[in-house]
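For reference, the structure discussed in these notes is given below.
Taken together, the values in this text are just the output of simple stated rules run on the coordinates, not laboratory data. Every value quoted in this text rests on a predicted model; they were computed, and no experiment measured them. Counting neighbours? That spans all protein chains shown, and the Cβs are built from the backbone with ideal geometry, glycine included.
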Amino acid sequence: MSVAKRRQMIEREHSLSIMAQCRLVSISRSSFYYAPVPEAAETLALMTVIDASFLDHPWYGSRQMARHLLRLGHAVGRRRVRRLMAKMGLSPIYRDCREFCARGRYRHQMTNRSPKITANWVFASAHSRGGRFHSWAAVLSTRYSSFIAASSPGK
C-alpha cells in the first residue's frame, strides 16, 4: 500500500494519538505531516528547455547539457541539470564499454575457469611475495623453468 493511502487512513479526531496511528500503519510522523512543494515556474521553464535540447542532442549528459544551456543564456549548474534530468527520466545515449574500450577486449587470464599455467606465471608468483624463502623459490623456478614449462598443461 502506498504512503498516500496509509496517510489517508489516519484520522486527526480519533481516540488514538497520531503517533500511535502512524506506528500502526508503518509510516513516520514526518511523512504524515509532509506537504509536497510544487516546482517553481522558473524550474518548469528550464525543464522544458532541457527537454527540447535533449531531443536534439540525446547523447548530452549533465555536463554537456549545462554547457549547452549556458550557450543558450541559462546560467545553470551541472548538479541542478543532473537533478532535473533525473527527475524527467532523461539519461544520455552512450556506447557500451564492450564496443570500444580495452576492458572488454583484454580480460585478465585468471578470470577464466581453466587457467593456463606457464613458467612465466610461476616466476611471477614466486617474485610477488618477497622474503628469503620466496626468493629461493624464484631461483629454483628460473633454474628449472624448462622443466616447469614442459610439465604444465598449458602451452
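All distinct Cα pairs of the range 1-95 go into the 1/r average, and the inverse of that average, the Kirkwood radius, is 16.2 Å.
With a Förster radius of 30 Å, plug the Cβ-Cβ distance of TYR33 and ALA86 into 1/(1 + (r/R0)^6) and report the FRET value to the nearest 0.05. With R0 = 30 Å, the Cβ-Cβ based efficiency is 0.70. Calculation over all alpha carbon pairs of the range 22-68 in 10 angstrom steps from 0 returns a P(r) of 21, 29, 17, 21, 12, 0 percent.
Loop-resident chymotrypsin sites (Phe, Trp or Tyr not before Pro) (DSSP state other than H, G, I, E or B) in the range 11-103 with no more than 16 further Cβ atoms inside 10 Å of their Cβ: TYR34, TRP59, TYR94. Considering only Cα atoms, the convex hull volume of the range 41-88 works out to 65 Å³ per residue.
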